[in-house]
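The values are calculated or read from the model by the stated rules, or taken from the named source; none is laboratory data. What you are looking at is a predicted structure, and each value in this text was computed from that prediction instead of being measured. Reconstructed Cβ throughout: ideal geometry from the backbone, glycine too, with neighbour counts over all protein chains shown. All accessible areas refer to the heavy atoms of the entire protein, side chains included, with ligands and DNA or RNA removed. Shrake-Rupley method; radii C 1.70, N 1.55, O 1.52, S 1.80 Å.
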Amino acid sequence: MARALANPELISLAAGFVDQETLPASETQQAFAELAREAASARAALQYGTTSGFPPLREQLLERTLVAGGTSGNWSTRPSVDQVVVTAGSNQLLHLVLESLVDPGDIILCAAPTYLVFLGTVANVGARSVGVATDENGLIPDALEDALRRLADAGDLHRVKAIYLVPYFDNPCGITMSAERVARVVEIAKRWSTEKKIHVIADEAYRELRYHGEDVPTALMMDEEGDTVIVAGTFSKSFSPGIRVGWGVLPRALIAPVCAQKGNIDFGSPNFSQHLMHKVLDLGLFDRHVQSLRRGYRAKLDAMLGAASEYLSPLPGVRWIQPEGGLYVWLQVPEEVDTGPRGTLVDVAIDKGVLYVPGQYCYPSEGQPAQNNTLRLSFGVQSPDRIRRGIRALAEAIQSLPSD
Ligand SMILES: Cc1ncc(COP(=O)(O)O)c(C=O)c1O
């Protein structure tokens, strides 16, 4: 990292940040002006809020989660607004959920690879992350059954508290799971909840960032009884990470434990940010902004995939997954190439002027073993031109490695 920072010409395809230039300055200004126009509404935003969050915002969040992208569906037990908790980003929600569900030594089953910060959150609460194999459609249900069977045989089934998925354009692979596959995961979680309840945590951080294809219904829809699926959402990728508004839609039994934890920590997430986001949604500024974000990121994704076809496809053993949205492209290089910090590729890539995230960081510590010949590329921050140049540099780096 130090070497990378010393070279300002280096093209970082590593950080999963949003594009600084697209941050919604004028939309935020407009929403703020509206909020501040009347002293009463400004004062309401400047006061403490409640632990679970600003009710009108929670209504909006629930509505958007259930119908975002035009999928409404048939609800046998439609979640209600009291199941929505607003948090300081979705990482806080994930942390609170784990604190509520997990005792030290418990197990969280994760798609392998998965969101690397979540692996840190699991470790932080003293739990074990166990990886389950994935393919180009996400976590493999049969592999999940196998993992549960192995844990049951070892007498550890009572330790399994949740299965973690990023169903839309996941971090790090860009994969979107089909509704059928998510439904199978939920069904498996319910069937194996014989000793302790196994929840499914569906982290929908990237759902709004779709550039191609149709939206897929939320995992909440697959949970007829409403007792298994936890959805985590956030405005960090679709509007602003600095405003720090995330949320969860929780099974009823989890509302009290999560809110008890939360109340002891923060008296509620920043009320001002919640009132601001309520205005942003109410005035239609969010939808307008997301439309323009999608146009910008679509061009960047297309630039990355176009450059990959041009520069990487001639290289033997190099493959990648084509995402329909999100911020990431997952790349596999020949098996003998170690992309990690002590491997052969990283130094050459930095010398050629490009930085990536080694794929091995994204694997849980147990279960499905890390694939050391993988890497994550992010197209959020750089311009289409720099993305193309970054991919060309990466291709040159791979090509320059001695072949065995
Ligand atoms: C999959 C996933 N979930 C959650 C988050 C956390 O976002 P925040 O805490 O800013 O809402 C991120 C951020 O990169 C992410 O990639």
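Annotations for the structure displayed:
- Per-selection Rg to Rh, segment 276-404 - Cα, Kirkwood hydrodynamic radius: 1.07
- Sorted largest first, extent of the chain alpha carbons per principal axis (Å): 65, 58, 38
- Scattering curve values for segment 309-383, log₁₀ I(q)/I(0), Debye with Cα scatterers, q = 0.20, 0.22 Å⁻¹: -0.97, -1.16
- Distant-in-sequence amide contacts of Arg128, defined by a placed amide H-H separation under 5 Å and a gap of 5 or more residues or a different chain, comprise Gly105, Asp106, Ile107, Ile108.
- A simple spin-label model places the labels of Ser80 and Glu34 2.9 nm from each other, with each point 7 Å out along Cα-to-Cβ.
- Projected label distance in nm at Arg252 and Ser193, using a 7 Å step from Cα toward the beta-carbon: 1.3 nm
- Between Asp351 and Asp287, the contour length at 0.36 nm per residue exceeds the alpha carbon distance by 18.9 nm.
- Accessible surface, per residue, of segment 337-381 when the full set of protein chains is kept, probe 1.4 Å, Å²: 39 Å²
- Carbon and sulfur %, accessible surface of the chain computed with the full protein complex present, 1.4 Å: 51 percent
- Inter-part distance where segment 302-331 and segment 141-179 are each reduced to a Cα centre, Å: 26 Å
- At full extension, Ser400 and Glu21 could sit 133.0 nm farther apart than now, given 0.36 nm per residue minus the alpha carbon distance.
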